[in-house]
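Participant: Sending over a structure as structure tokens; questions will come in a sec.
The values are calculated or read from the model by the stated rules, or taken from the named source; none is laboratory data. As the structure is a computational prediction, the values presented were derived from the model and not from experiment. Cβ atoms come from the backbone with ideal geometry, glycine included; neighbour counts cover every protein chain shown.
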Amino acid sequence: MIEARRHHKHSYRLIRETKLPDFSDEERHEIACIARYHRRALPSNSHEEFTSLSRRARKRVSILAAFVRIADALDYSHDGRVLDITSVPEQCDDQTWTLSLKTRPLADLDAELEHAYDKADLFEKVFKHKLQLVVQDNS
């Protein structure tokens with residue numbers, strides 16, 4: 001039985017303890033950590049599973065977990081409202097990274113955007129830029 005509130009920790013244990021073809025134990029541990037940090041707590045030196053990684057692996061886990069946190073938030077309603085995400089270089093600068101979201105027609109993204117900005121904390125910490133999301137006009 002999986003408690004939904006703690007599924008990120010269950011995901012970590014499940015991935016960590018399951019043999020995955022074509023992945024070493026170290027790679028499987030990194031994948032498990034990415035799953036562990038896709039919600040709730042950020043990677044921390046107070047977490048044994050994180051500190052057991054090499055410095056390069058901790059950086060990789062932080063970067064990939066940051067992307068997964070945003071992707072997870074943009075699928076908050078679990079119905080595929082966001083169809084495509086692209087970078088908008090002309091709207092990026094030294095402080096902000098802008099991503100454009102293409103959505104299904106008439107899709108309401110209020111909840112998704114709220115959750116994405118809430119979960120942008122790791123993205124902004126890792127990349128040292130604020131995240132800006134722009135919804136494309138579907139008309």
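Participant: State which residue is farthest from Val61 (Cα to Cα) when the search covers only region 96-139 and only residues that are of a type in the set (Lys, Arg) and part of a loop (DSSP other than H, G, I, E, B).
Facilitator: Among those residues, the one meeting the criterion is Arg104.
Participant: So, one more: Hey, any hits in region 31-39 for a residue that's surrounded by 18 or more Cβ atoms within 10 Å (Cβ to Cβ), under 30 Å from Pro21 (Cβ atoms), out of contact with any Pro (no Cβ under 7 Å at 6 or more places or on another chain) and of a type in the set (Gly, Ala, Ser)?
Facilitator: Checked against the condition, which is being surrounded by 18 or more Cβ atoms within 10 Å (Cβ to Cβ), under 30 Å from Pro21 (Cβ atoms), out of contact with any Pro (no Cβ under 7 Å at 6 or more places or on another chain) and of a type in the set (Gly, Ala, Ser), region 31-39 yields at least one hit.
Participant: Is it the case, given these coordinates, that His78 is modelled with pLDDT under 95, under 17 Å from Lys119 (Cα atoms) and either surrounded by fewer than 16 Cβ atoms within 10 Å (Cβ to Cβ) or touching a Leu at 6+ places or on another chain (Cβ under 8 Å) (or both)?
Facilitator: So His78 passes the test.
Participant: Across region 40-64, what is the total count of residues that are assigned to a helix (DSSP H, G or I), among the aliphatic types (A, V, I, L, M) and surrounded by fewer than 17 Cβ atoms within 10 Å (Cβ to Cβ)?
Facilitator: 2
Participant: Report every pair of residues separated by at least 6 positions or lying on different chains whose Cβ atoms are under 6 Å apart, first residue within region 56-80 and closer than 12 Å to Tyr37 by Cα, second modelled with pLDDT of 95 or more and acidic (Asp, Glu).
Facilitator: Once the first residue is closer than 12 Å to Tyr37 by Cα and sits in region 56-80, its partners that are modelled with pLDDT of 95 or more and acidic (Asp, Glu) give Val61/Glu30.
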